[in-house]
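Structure first, commentary second.
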Amino acid sequence: MTEFVGVQELKKLQAMQVDKFRSWAKGGHWDAFHSNHYDWWTFPIDAPSSFGFKYTVNKETIDELAKDEQFIASLRKAAELLLSSWGWNATLNHPIQHPALGQSWSNWPIRLAKCNRSLVLFKQQDLVESTRIFAKHLESQGNSFEYSGRNLLPEILEG
C-alpha cells in the first residue's frame, strides 16, 4: 500500500502545479488544463485514489495544512484557475462572458468533485459555493455527472 508523500512534498507538488496553471492561463493554453493530470496533489482529499494513499490527507494533515496561509492561497488560486479553464468566473459565480478558445467545460465531473471536496475539507466556503453553482449551471445545460458508474452531482451539492 502506498504511503502518504508527506506534508512538505504535497505542498511542493501543489505549488509547482499552480505555477503551471498560471503559465497555462497566461498563455491561453486552456487545453492543458483538460489534458494533463494533476488533481491528486493539487486538490488533496481524504479518500485514496489510483495512487493509493500517496496524496490522501487525514484529519491531522488537513488541520496542519489549513493553518498554512501559503498552502490555502495556493489551493484557492488552483481552484479559481481550474474553474476559469472551464469558462467559469469563481468570483462572480457566473460564466465568463467572452471565453477564449478551449476555455469551456471538458466533461471531467470527477475533477470538479475532487476540487469541491478539497475546498470543503479546507473550509473555503466561498469557492465551495462557486463549485456548487457551477455544477447546477452545468446540470441545467444537460451535462452529465456520471463517472465510473456513479452520479457525482449529489456529492458536489451536498459534500
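What does the charge add up to near residue 46, with Lys and Arg as +1, Asp and Glu as -1, over the other residues with Cβ less than 10 Å from its Cβ?
Net charge around residue 46: +2.
With a ≥ b ≥ c the root eigenvalues of the C-alpha gyration tensor of the chain, is it rounded (a/c under 1.5), prolate (a/b larger than b/c) or oblate?
Prolate, because a/c is 1.5 or more and a/b exceeds b/c.
Counting alpha carbon pairs within less than 8 Å and at least 6 residues apart, what relative contact order, in whole percent, applies to the chain?
Dividing the mean separation by the residue count of the chain yields 22 percent.
Report the chymotrypsin sites (Phe, Trp or Tyr not before Pro) located in the stretch 1-109 that are in a DSSP loop and have at most 15 other Cβ atoms inside 10 Å of their Cβ, or state none.
Passing both the DSSP loop test and the Cβ count: 51, 53.
When the chain is modelled as a GNM with alpha-carbon springs shorter than 10 Å, which of 50, 144, 23 fluctuates the most?
The residue that fluctuates most here is 50.
Enumerate the lysines that residue 12 could reach by cross-link, defined here as Cα to Cα under 23 Å, with residues fewer than 8 away along the same chain left out.
Candidates past the 8-residue exclusion: 20, 26, 54, 59, 67, 77, 114, 123.
Please list 13-20, 134-141 highest first by mean number of surrounding beta-carbon atoms within 10 Å per residue.
13-20, 134-141
Could you work out the local net charge near residue 132, counting Lys and Arg as +1, Asp and Glu as -1, over the other residues with Cβ closer than 13 Å to its Cβ?
-3
Which order, highest average first, do 114-120, 153-159 follow once you tally other Cβ atoms within 10 Å for each residue and take the mean per peptide?
In descending order of packing, they fall as 114-120, 153-159.
Rule-based calculations on the coordinates, nothing more; no lab input. These figures come from a predicted structure and were not determined experimentally. Backbone-built Cβ (ideal geometry, glycine too); neighbour counts: all protein chains shown.
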